[in-house]
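Below is one structure, written out as structure tokens; comments come after it.
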């Protein structure tokens, strides 16, 4: 139990760090870094505690019930493989935080950087510890979304915006493919639980849908890990700050894809199709990525393509899939994270202290930055695979697996040659990095005079380079046990222990390493000067860039094709857009219901009451009158529309649905007032239509009438069938029987909203918050038509005085109504669980109280007496609703499970109480905030006009 709680804490710590860092003052750079670093350090301590339980091959699990009926739970699991990866993420994250403290400028929004970085860390950790494959996909997509914010951190630059968009599109499309793969995989395995899926390898590989699942799964992994031909987004991500690049390229984001390949290799691997797709793609990425890296002139660009090459190496090992290959892949993941993070940080130091990353301008920095130069040289040597460094051992293990005999195919036979060729390129680009930047003549015409960075900016690089040396010299003592346990967690407990040593004798892998080292040196010696003066890539590959193809596809799909459709269907007018939407809805409903919509042979229901029929005739007349008056008098049309809404309220009351009637009435009041406020901004209608356009106008109205009749008749037919056909079993009867017993309330509608279907309600109020913010933003950008402005400018003082006199009595009444409506809102809120009312109705009622104040008085008068912070109301409402659901998880119940009981109050006695009331409080607060936010946006338009008029009057007085 304790270990399960520690696992939950471990998954939540980065999000806690994000919340803390985001609230720190923008000037307190050190506080944001220290707070995040200390919280993550606590995570490392938890990992040290959990280490003992994982040494014998055990798996830690803990589950929070979410939707048990669908088999969806928040399942967290950790084995030795996950432990190693999470430790890597936490450790690199702490080093990046220290480095970023000195890298970022004081003018940068540092708290936002640390907050987003910690959310990204949490998303990566969540993906690693997910015990449910659908939950894994959610965190997987979260890494893509948050990486978009990190890459576009300096959004003022075009390169940052383009790189962030490209990364989001490519990895997002891969994420959708992965989601489809996981859905099908869960159906084949009979469960979405990760352990059950991992144990269903034989069933999955024998299923007819195995090729489809494999292709979709690999699309997700290849896009995330930048495998050819999806590699082009990774160099574009170099527009991100260097701390972000160091984190994304070493321990997170790009490593997520290879993690998943290794994790699912026992399920989807061990087939010829797996070998050719995975190993073939990995080797192509390794060779081409290493080749292109040799030609890059930008420091981070060279490191980006070298990352692509190393990811290809790990992917190729995962495709080989043998015991040694999986162990080598895990080892190289760790080694690459260590030396690549140090190299990116060193490149950031060079850029930070010299003002450029162009290798053609940099030279001789060893004289000016000896410590940084020494660290970068050791890390580059580790990347090249020089003996006595960590990169050498895992690369030699790769050579050994490539040289081994596997299946005798042409790809298998070519592996040793391709691996050696890629090794030559890796040595060459590493050597070019060293010689071009740190040796040669002193640099000239640099933006800054290079010098050593602050000591603590260099400390993370020193720690990582020291790790390169220690692991390279003592691999068996440092990482040997951990790597073997991680491999056993992937391949099974019976995997024999493999000793990881520096020297395995003079064999074929050693010969391949020596050939790669010598070949790389010779290549740089013969072609280094020509490469430095040439384009950033081999001539053929430079012309056939995948990024250009992506940009062309993006141009067609996001501009030319939509432009073509816009030319056919598009218009800036609202009515044609609505017409197309209504026609599409009618067509979709007709296709779905064609041939299946039939009334019951024995219709249910009561005889039609004449009074009810008369009421509906009145409502129909109001609706038709509203449509007719809309072209003559908008206010009259709005009044008639309110009459139709009132008939709807009476219908709910007639059919014994008082809760719906109350809610509908309150919503009618709010929407009517908001529409009244919005009508003033619409331009005046033209009184006369020219004769040549009158016929066209009548035809348009007749067409709209036909569409309305078809849509209304279809909806009426569907409603009639649903209301008259007997439903067995009737879900409504179940709610009536269980509302009081399970939810503790007699108001069945409210119990459904805040208990049985609380998750739906939580989603709906979230959407309401998004809509309110969107409306507010649009109204802030809205500029009224000139005719509306002219009506304000031409109003005389006499007209203004008459208007004030006319509103004097109503304004007094409206002011008195404020406390009354507050009491009514409280009354509706408290009684909602047992009688008509609830949080939504109470929130709308309180919103009406605010509406009346804005109607009766000038916006400045209201806001000097009433302090309303609608954004905070909305945030607090969502927070209360969410915390109510999390409270259920704490006690071991599914999210948003409500608890009800009777409590005894002094002088009152026993009264019903339920946790759903707390959730309803969140609904109440959010509804108030959302409605008032839209109201304020409209009211401030009037304030803007009033201020404009005051300035004009002041200017007229000055001119006079």
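So here's what we get for this one:
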| item | result |
| --- | --- |
| Residues (exposed (fewer than 14 other Cβ atoms within 10 Å of the Cβ) and either at pLDDT below 80 or not assigned by TED's automatic domain parsing to the domain that holds residue 854 (or both)) located in the range 807-823 | 808, 809, 810, 812, 813, 816 |
| Condition broken by residue 474, with the remaining ones in (1) touching a residue at least 12 places away in the same chain (Cβ under 8 Å); (2) surrounded by fewer than 23 Cβ atoms within 10 Å (Cβ to Cβ); (3) not assigned by TED's automatic domain parsing to the domain that holds residue 514 satisfied | (1) |
| Check on residue 212, in a helix (DSSP H, G or I), farther than 24 Å from residue 325 by Cα, over 21 Å from the mean Cα position of the chain (by Cα) and at pLDDT 90 or above | yes |
| Matching option when the condition is farther than 27 Å from residue 289 by Cβ, surrounded by fewer than 22 Cβ atoms within 10 Å (Cβ to Cβ) and touching a residue at least 24 places away in the same chain (Cβ under 8 Å), among 190, 172, 201, 131 | 201 |
| Residues that are surrounded by fewer than 10 Cβ atoms within 10 Å (Cβ to Cβ), within 46 Å of the chain's Cα centre (by Cα) and at pLDDT 75 or above, drawn from the range 590-618 | 591, 592, 594 |
| Some residue of the range 89-103 being over 22 Å from the mean Cα position of the chain (by Cα) and under 27 Å from residue 491 (Cα atoms) | yes |
| Residue satisfying condition, being modelled with pLDDT of 75 or more, loosely packed, with under 13 Cβ neighbours inside 10 Å and more than 19 Å from residue 761 (Cα to Cα), within set 865, 872 | 872 |
| Selection count, the range 452-471, where residues are surrounded by fewer than 20 Cβ atoms within 10 Å (Cβ to Cβ) and at pLDDT 90 or above | 6 |
| Residue ID - surrounded by the fewest Cβ atoms within 10 Å (Cβ to Cβ), chosen from residues in the range 894-923 that are part of a loop (DSSP other than H, G, I, E, B) and touching a helix residue (DSSP H, G or I) at 6+ places or on another chain (Cβ under 9 Å) | 899 |
| Inter-residue pairs, beta-carbon under 8 Å, first at positive phi and in the range 880-901, second surrounded by 13 or more Cβ atoms within 10 Å (Cβ to Cβ) and part of a helix (DSSP H, G or I), 6+ apart | 896/758; 896/759; 896/762; 896/884; 896/885; 896/888; 896/919 |
| Selection count, the range 139-169, where residues are more than 15 Å from residue 223 (Cβ to Cβ), surrounded by fewer than 19 Cβ atoms within 10 Å (Cβ to Cβ) and modelled with pLDDT under 90 | 8 |
| Subset of the range 647-674 that is assigned to a helix (DSSP H, G or I) and out of contact with any helix residue (DSSP H, G or I) (no Cβ under 7 Å at 6 or more places or on another chain) - its residue that is farthest from residue 752 (Cα to Cα) | 671 |
| Candidate set: the range 515-533, residues that are over 43 Å from the mean Cα position of the chain (by Cα) and closer than 14 Å to residue 359 by Cα; chosen: the one surrounded by the most Cβ atoms within 10 Å (Cβ to Cβ) | 528 |
| Residue count, the range 109-121 (criterion: within 15 Å of the chain's Cα centre (by Cα) and surrounded by fewer than 24 Cβ atoms within 10 Å (Cβ to Cβ)) | 3 |
| Selection from the range 727-776 of residues that are outside any helix (DSSP H, G or I) and either under 15 Å from residue 922 (Cα atoms) or out of contact with any strand residue (DSSP E or B) (no Cβ under 8 Å at 6 or more places or on another chain) (or both) | 727, 728, 729, 730, 746, 747, 757 |
| Residue among 716, 696 that is modelled with pLDDT of 80 or more and part of a helix (DSSP H, G or I) | 716 |
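Condition check ((1) assigned by TED's automatic domain parsing to the domain that holds residue 293; (2) in a helix (DSSP H, G or I); (3) buried (at least 21 other Cβ atoms within 10 Å of the Cβ)) across all residues:
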residue: 181; (1), (2), (3): no, yes, yes
residue: 185; (1), (2), (3): no, yes, yes
residue: 216; (1), (2), (3): no, yes, yes
residue: 219; (1), (2), (3): no, yes, no
residue: 226; (1), (2), (3): no, no, yes
residue: 238; (1), (2), (3): no, yes, yes
residue: 248; (1), (2), (3): no, yes, yes
residue: 278; (1), (2), (3): yes, yes, yes
residue: 281; (1), (2), (3): yes, yes, yes
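The values are calculated or read from the model by the stated rules, or taken from the named source; none is laboratory data. Note that the structure is a prediction, hence the values are computed from the model and not measured. Backbone-built Cβ (ideal geometry, glycine too); neighbour counts: all protein chains shown.
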